[in-house]
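First comes the structure, then the notes that go with it.
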Amino acid sequence: MQDQISLSTHISRLSFLNPTILASGIMDEDAESINRILQSGAGGIVTKSIGINPNKGHANPTFVELDHGILNAMGLPNPGINEFKNELDKLKTITQPIIGSVYGKNEHEFIEVATIMEQSGIKAIELNLSCPHASGYGLELGQDPEMIQTIIQSVKNKVKIPVFVKLSSNVNNISILAEAAANAHADAIVAINTVKAMAINTEIQRPVLSNKTGGYSGKAIKPIGLRAVYDLYSQLEIPIIGVGGITTGLDVIEYLMAGAQAVEIGSAIYYRGITVFKEICKEITQWLQIHNYYNIRDIIGVAH
C-alpha cells in the first residue's frame, strides 16, 4: 500500500519526489552539507541567501532558543556569489531541485547573483524579500509592492529558470505584496519568513541578541504561516510554498490543506535532527493511508 501512495508534487517547472524542501539558512552553504540534506530525504533544497559580496553578518550573540522556538539575527552571512559558485559547480549532477536564495539592495544586485546562479546549474531562484534582521535588504525592500514588482520583473527578464518570491508576515497585509508578485509573473510565492521578535536578558538588562531584534522561527509561528497560506490560496493562481513551524507530518498536511503545494523546513532540524525529512514523509504517508488518500496532491486546498 505504501508504494502506491505518491508524495510527489510540482511547482512551476520543478518536480519534487516529496513536498519537503530545506529552507534557506540551515546546512546549505557548501556542497557537502547540501548533499547530506538531500541524501537524508529532502525533496529539494534552498541555498543560503547569497549576495554579490562576502558578508560576515552580525556579531555574536546571534542565536537563542526560547520556550517555543528559536530567535536569530545572523545578518545574512555568506561567502558572496563568486565564492559560492564553486560549491554550486560540485552539485551539477544532483537530480533533486536546488533553489538559489538571492538577496540584494537593488534590482541590479539581484540580477547579477541570479544570473550567475542560473549559469551554475541552479533550477530556480528564490528572492529573499523578507529577512527581518538585515538593514537595507530583505524586508526593507519586500514591504514595498512597487519594489517587489521591479525586482521580480528585472530578474525574470534576465533568467529563464523559475523565480520564486519569499514574503514576510511582518507587514500590514501580505496579500497586497503577493498580488504585486503575481502581477510581476512570479512563478511561486514562499510564505512566510521568520517573525520579527526579540528577547531581553533580565540579569544584564539588555537585549540578548547583538542586533537587538531578530527573526523568530519554530512551532510558535506555525499558525501565522498557516493563516498566510490559507489567505493567499484564495487570492492567487500561482503555487504557494508554505513555511513556518513545521516539525511533523501533520504540520505539512495542515499546510497542504491550507493550499500549499510544498513546504520548507528549517528549525525542525534543530529539534529532530537531519533525518527529519524522512521521518516527516513517513508520517505523511501513514496519515494518507489511514484516510484513504493515494496522492498527496488530492489534499491540496481541501480546507477551503
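In the range 1-80, which trypsin sites (Lys or Arg not before Pro) are in a loop and have at most 10 other Cβ atoms within 10 Å, using DSSP for the loop call?
Numbers: sites: ARG13, ARG36, LYS48, LYS56; in loops: ARG13, LYS48, LYS56.
Hits after loop and neighbour filter: LYS56.
Would you mind calculating the gained length between THR202 and THR93 on full extension (0.36 nm times residue separation, minus the Cα-Cα distance), in nm to one decimal? Please list the in-between numbers first.
Details: separation 109, 0.36 × 109 = 39.24 nm, distance 5.08 nm.
My answer for the length gained is 34.2 nm.
So who's got an amide H within less than 5 Å of the one on VAL243, skipping anything under 5 residues away but keeping other chains? H placed 1.01 Å off N, in plane.
Amide H to amide H, under 5 Å and 5 or more residues apart or across chains, VAL243 pairs with ALA191, ILE192, GLU264.
To one decimal place, what orientation-averaged projected area in nm² is obtained for the convex hull of the Cα set of the range 82-194? Working shown, then result.
Numbers: hull surface 26.8 nm².
Reported value for the Cα convex hull: 6.7 nm².
Mind listing the Cα extents of the chain along all three principal axes, in Å, largest one first?
Rounded to whole Å, the extents work out to 52, 50, 39 Å.
Using Cβ contacts closer than 10 Å as the measure, can you line up THR194, THR247 from fewest to most? Walk me through the intermediate numbers first.
On the way: THR194 30, THR247 20.
Ordered from fewest to most neighbouring Cβ atoms within 10 Å, THR194, THR247 come out as THR247, THR194.
Restricting the count to DSSP beta bridges whose residues both fall in the chain, what percent are antiparallel, rounded to a multiple of 5?
On the way: 17 of 44 bridges.
If I count the DSSP bridges inside the chain, around 40 percent turn out antiparallel.
When the label point is put 7 Å from the Cα of TYR271 along its Cα-to-beta-carbon vector, which residues of the range 21-49 have a backbone N closer than 13 Å?
none
So, how do all the Cα-to-Cα distances of the range 126-240 break down into 5 Å bins, in percent, from 0 on up?
Using 5 Å bins, I get a P(r) of 2, 12, 21, 21, 17, 11, 7, 4, 2, 1, 0 for the range 126-240.
What nm value, rounded to one decimal, do you get for the distance between ASN86 and ILE176 when each label is placed 7 Å out toward the C-beta?
So the label points at ASN86 and ILE176 sit 4.5 nm apart.
How about the range 159-232: which trypsin sites (Lys or Arg not before Pro) there lie in a loop by DSSP and see at most 10 other Cβ atoms within 10 Å?
Details: sites: LYS160, LYS166, LYS196, LYS212, LYS219, ARG227; in loops: LYS160, LYS212.
Within the range 159-232, the qualifying trypsin sites (Lys or Arg not before Pro) (loop, at most 10 other Cβ atoms within 10 Å) are LYS160.
Ranked by Cβ crowding within 10 angstrom, fewest neighbours first, how are VAL163, VAL208 ordered?
Numbers: VAL163 26, VAL208 18.
So the residues, fewest neighbours to most, are VAL208, VAL163.
Read the figures in this text as sums done on the coordinates, not as results from a lab. Keep in mind that what you see is a predicted model, and the values were worked out from it rather than measured. Neighbour counts run over all protein chains shown; Cβ positions are idealised from the backbone, glycine included.
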